[in-house]
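Report on one structure; see the data block that follows.
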Amino acid sequence: MELIFAQVLTGLANAATLFLVASGLSLIFGVTRIVNFAHGSFYMLGAFIGYSLMQVLPGMFGFWFSVLLAGLAVGVIGVIVEICVLRPVYKAPELFQLVATFGVILVIQDLALLTWGAEDVLGPRAPGLKGIVRIFGEPVPKYDLAMIAITPFVLFGLWYLITKTRVGVLVRAATQDREMVGALGVNQAWLFTGVFFLGSAMAGLGGAIQLPKGGADLLMDFNILASIFVVVVIGGMGSLPGAYIAAVLISVLNVFGVSYLPSSTLVLMFVVMAVVLMVKPYGLLGREEVAGEHGQVGEPERPIKPAGPKVRLAVVVLLAALTLIPLFGSSFLSVLATDIIIFCLFAASLHFILGLGGLVSFGHAAFFGGGAYVAALMVSYANTPMELALLLAPLGAGLLAFIIGWVCMRLTGVYFAMLTLAFAQLLWSLVFQWDEFTGGDDGMVDIWPAKWLAGSTSYFYLTLILGVGGILFLRHVAHSPFGYALRASRDSSRQAEATGINTKRVQWLAFAFAGAMAGIAGGLFVFSKGSIFPTELEIARSFDALIVVFLGGVKTLSGAVVGGASLEYLKDQITRFEYWRITLGIIIIVVVILAPEGIVGTARKVGERLGWVREQEGLR
Amino acid sequence: MTNINMLKLNAVNSFYGKAHILNDISFSIEAGEVVSLLGRNGAGKTTTMKSIMQLVKPKDGTVHFLGKDITASPTHRVAKMGLGYVPEERRIFTDLTILENLEVGKQPARDGLIEWTIDILFDLFPNLKERRNNRGKELSGGEQQMLTIARTLMGNPKLLLLDEPSEGIAPVIVEQMAETILKLKKEGLPVLISEQNLHFARIVADRAIIIESGSRKFDGSFEELEAQPEIRDAYLSV
Ligand SMILES: Nc1ncnc2c1ncn2[C@@H]1O[C@H](COP(=O)(O)OP(=O)(O)O)[C@@H](O)[C@H]1O
Ligand SMILES: [Mg+2]
């Protein structure tokens, strides 16, 4: 009993940080509708800046002053990001901005590395709060008690600001209908900036205040990202009390998980999230999201048309050029081209569900990695020949997507995205922790292609055939009646229902189909590398594909392919530099700002304006 | 300040994407005047309102308010200058209480005009007073309509744009609405009111502007309109 009480206290103390950071994210999302991936980076900056300040400001006063200053400083950094990176892209279709925030993550990672070095820093202990007190005989750190005591005040302060002040009223009004707020004479640009300041400052505070417990390191940004998203989603996007309840729920369960069921820790919060979302699709205290209610629908889609002769010619020339690579290029080039084609197929499969289906998945890596693992497991345990394994990969991934899709279909928008993320994480941790079967962290090795395909050249041709074939097949389906039904479901589900389309079923099947196509990419991947590791199932993998689809241009399949090829090539080129992240981050941000319709979408617009591309033709 | 129109549209052309909706719309409103903008469903009344508020940016032509060119100004600045907009879909903040909705609309008083306070507005709309702590979503259609008008009046507008205020509310409330508009008129507040209902427009307005397919077809008094029944029959549903 005493132990349980002490564990609850530890959970509550952990919840403090989680709540501070998550409340900031929730505020920002609630008002700006931006899914700010860089929020974890703000948290990390708060920790590092707080640490530096604590080195120069002595004593108890200095400690708490440093925490506050770190919050303010990160708030200012948030404002800079908002003004420079996000303002130019507010008008872009919903969720597009997350790509820009991903660029910000990369930039901040390198800036932090430059400023504070690669070493983890140990947080200073809070003066006056070192040591422990005994509660029912169990040791509880004094600092934990301080954190537990502070959080309700922060919650109350935020609650007061949001519910009782004019600014809070405006913020809540803008959460619901920002255009109307503008029509009533409120400059919403500054409202947004203000909210960004507050939200970022909360992240900075969270980072600084947890220093005595966790210190600071360069992995903090990604490490907290998943948890705070989970907290915000469980609580209900935009709800502060919801975020608090969710933070406590997750943290306390986590403490118990660590003690009684250690293998559960990686998935616990995702299981909780999945359960909550299945019961309450908008989180515990969230309100229903209505598509387009925030005036962010974007330009209407143009009808898609078959490619014109010029475009067809270009594709044929490109394919011919690809065929010649092994003849004239180095084997290194063949390997790179293999990687690129596989990644393009993966991205194209995500595009199918995201661009045509309008369903943003944050967990598409589950099907890429899933397909890869299916193939690897079949080869390792059943001595399955490569040809059969390559067939089973999409079947396995498709089945997985079929099941996951069935659960996720009940949700929409960001909640849908988060649930797919949760399932991808579940799969990842399953693979990661089931050592005996999947090799866990060490992955699975020695999965080579059949004899007749050994060598980078012949495998390249296999990849070329299956990869390009897969992409063309995706395109073919997009132009089939099923593809039309899918787009109809995206654009106007009510009208689509009226014409007899079962929109949910169409979307569900499309999700499974996209998963299967990602599975082909995964199967190809595993034989090209000869091995597979859980990293292929990670969030980062899903985000890679997501970024590529957005950067290339959501509205065109060629966008996913062009984006995939560009990113994979770019990564190959610049990861040789020491500070490649900042380079890639800045490139991403610049592309997002200059080409808000993606590379292909914008290129087409420019082409139309210059008269190079006929309007009807396009680069579909 | 003599001889400057309150509001003046000069050959305004507006688009949604590539669809050309407004064709060279021109008209003006003088101080103290209540003008009705008439036309069938889809004629372009709402688009005209939005083009004035710069919620839709005209591709061509200008909008002047109190002698200043407001074309392409941000919407919030237009509202700050004293253009009060009551949208057709009402768009009250359903999660906010009546009092909070009014707070969002609040702007400082303007010299030489009456200052709309919550008390005055509650006198004008007694229903709202009783339900002041209710959330927007708990209100009836008529109450929501009154709330949008009250909310906009909180901004102490110099000119009020009312987009189809009688649409979709009970006849009793429509009568109340007409009385309200006449009261506003008595306060000297100029109003541009869009309507499909000629009868309602005639009660409250001094003048009629008729548009059809985004073009202006008529601009004059109701007597002049009476004299040309073919115009009424061609452009208004009776
Ligand atoms: N958001 C929009 N996108 C495209 N067309 C629109 C949009 N809103 C209105 N329209 C079209 O513009 C025309 C004028 O509409 P509107 O100004 O709402 O007319 P009214 O208010 O007189 O009923 C109509 O043909 C309508 O279909
Ligand atoms: Mg209208």
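The values are calculated or read from the model by the stated rules, or taken from the named source; none is laboratory data. Since this is a predicted model, take the numbers as computed values, not measurements. Methodologically, a virtual Cβ is constructed for each residue, glycine included, from the backbone with ideal geometry; neighbour enumeration extends over all protein chains shown. Note: areas computed on protein heavy atoms with side chains; ligands, DNA, RNA excluded. Shrake-Rupley method; radii C 1.70, N 1.55, O 1.52, S 1.80 Å.
Numbers for the structure displayed
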| read-out | value |
| --- | --- |
| Acute angle (nearest 10 degrees) that the helix A:331-351 long axis makes with the longest principal axis of chain A, alpha-carbon atoms | 70 |
| Diffusion coefficient, µm² s⁻¹, Stokes-Einstein with Kirkwood Rh over alpha-carbon pairs of segment A:2-291 at 25 °C and 0.890 mPa s | 127 |
| Dipole moment magnitude, nearest 20 debye, segment B:5-235 about Cα centre, only Lys, Arg, Asp, Glu C-beta charged | 780 |
| Contour excess over end-to-end distance, with Cα ends at A:Tyr381 and A:Asp120 and 0.36 nm allotted per residue | 89.9 nm |
| Highest average packing first - B:118-129, A:155-166, Cβ atoms within 10 Å | B:118-129, A:155-166 |
| Inter-label distance for B:Asp123 and B:Gln228, nm, one decimal - labels placed 7 Å from Cα along Cα-to-Cβ | 4.2 |
| Extreme residue, positive dipole direction of chain B, given options B:Gln145, B:Pro229, B:Phe218 (C-beta unit charges) | B:Gln145 |
| Label point distance in nm, A:Phe5-B:Thr62, each placed 7 Å from Cα along Cα→Cβ | 7.8 |
| Segment A:402-459: radius of gyration over Cα atoms, expressed as a fraction of 2.2 N^0.38 Å | 1.69 |
| Sites B:Arg202 and B:Ala170 - FRET efficiency at Förster radius 25 Å, r taken between beta-carbons, to 0.05 | 0.80 |
| Cβ charges +1 (Lys, Arg) and -1 (Asp, Glu), total dipole of segment B:85-209, debye | 160 |
| Shielding by other protein chains, B:82-90, mean Cβ within 10 Å | 2 |
| Stokes-Einstein D (µm²/s) once Rh is taken as the Kirkwood radius of segment B:111-238 over alpha-carbon pairs, at 4 °C in 1.567 mPa s | 81 |
| FRET E, pair A:Phe153, B:Lys137, Förster distance 45 Å, beta-carbon r, rounded to 0.05 | 0.90 |
| Mean shadow area of the protein assembly as shown over all directions, Cα convex hull, nm² | 41.1 |
| Binned Cα-Cα distances of segment A:318-566, short to long, each 10 Å bin given as a whole percent | 8, 33, 35, 18, 5, 0 |
| Of all accessible heavy-atom area on the protein assembly as shown, the percent that carbon and sulfur account for (1.4 Å) | 64 |
| Per principal axis, descending, Cα span of segment B:5-235 in whole Å | 47, 36, 36 |
| Per-residue HN-Hα couplings for segment B:80-88 [Karplus 6.51, -1.76, 1.60; θ = phi - 60°; Hz; x = Gly/Pro] | 4, 5, x, 8, x, 10, 10, x, 4 |
| Cleavage-rule hits, GluC sites (Glu not before Pro), segment A:91-190, DSSP coil, Cβ neighbours within 10 Å at most 12 | A:Glu119 |
| Acute angle (nearest 10 degrees) that the helix A:39-56 long axis makes with the longest principal axis of chain A, alpha-carbon atoms | 40 |
| Cα Rg, Dmax, segment A:472-620, angstrom units | 18.0, 56 |
| For the pair A and B, total buried accessible area rounded to nearest 100 Å², probe 1.4 Å | 1900 |
| Computed label-point distance, nm, for sites A:Val258 and A:Lys504 using a 7 Å Cα→Cβ extension | 4.0 |
| Burial order of peptide ranges B:176-183, A:423-430, A:140-147, A:225-232 (average beta-carbon count within 10 Å, highest first) | A:225-232, A:423-430, A:140-147, B:176-183 |
| Options A:Ile403, A:Trp452, A:Leu390, ranked by Cα towards positive dipole end of segment A:318-566, top entry (Cβ charges) | A:Ile403 |
| Normalised contact order of chain B, rounded percent, pairs of Cα under 8 Å and 6 or more residues apart | 28 |
| Size of charge dipole - chain A - debye, nearest 20, with Cβ of Lys, Arg +1 and Asp, Glu -1, no other charges | 1420 |
| Acute angle (nearest 10 degrees) that the helix B:171-186 long axis makes with the longest principal axis of chain B, alpha-carbon atoms | 80 |
| Of the GluC sites (Glu not before Pro) in segment A:519-600, those whose Cβ has at most 11 other Cβ within 10 Å and which sit in DSSP loop | A:Glu578 |
| Alpha-carbon Debye profile of segment A:63-135, log10 I(q)/I(0) at 0.14, 0.26 Å⁻¹ | -0.68, -1.22 |
| Förster radius 56 Å - calculated FRET efficiency between A:Lys91 and A:Thr457 (Cβ-Cβ, nearest 0.05) | 0.75 |
| Residue-averaged [θ]222 nm for the protein assembly as shown, counting only DSSP H segments that reach four residues, each worth -39500 (n - 2.57) | -19500 deg cm²/dmol |
| Heavy-atom surface of chain A, accessible at 1.4 Å and reported per residue (Å²) | 40 |
| Proximal aspartates and glutamates relative to B:Lys137, as straight alpha-carbon distance under 18 Å, when same-chain residues fewer than 8 apart are discounted | A:Asp177, A:Glu288, A:Glu289, A:Glu293, B:Glu88, B:Glu89, B:Asp95, B:Glu100, B:Glu103 |
| Out-of-range pairs (alpha-carbon distance over 18 Å; input B:Lys18/B:Lys57; B:Lys106/B:Lys186; A:Lys451/A:Lys529; B:Lys8/B:Lys106; A:Lys555/A:Lys605; B:Lys8/B:Lys57) | B:Lys106/B:Lys186; B:Lys8/B:Lys106 |
| Label point at A:Ala320 placed 7 Å out along Cα→Cβ; residues across segment A:454-469 whose backbone nitrogen lies under 15 Å | none |
| Per-residue HN-Hα couplings for segment B:36-51 [Karplus 6.51, -1.76, 1.60; θ = phi - 60°; Hz; x = Gly/Pro] | 9, 9, 9, x, 5, 4, x, 6, x, 5, 4, 4, 4, 4, 5, 5 |
| Per-residue mean of C-beta atoms belonging to partner chains within 10 Å, peptide B:13-25 | 1 |
| Mean separation of Cα contacts under 8 Å (6+ apart) over length of chain A, as relative contact order % | 20 |
| Inter-chain Cβ neighbour average for residues A:163-175, partner chain, 10 Å | 3 |
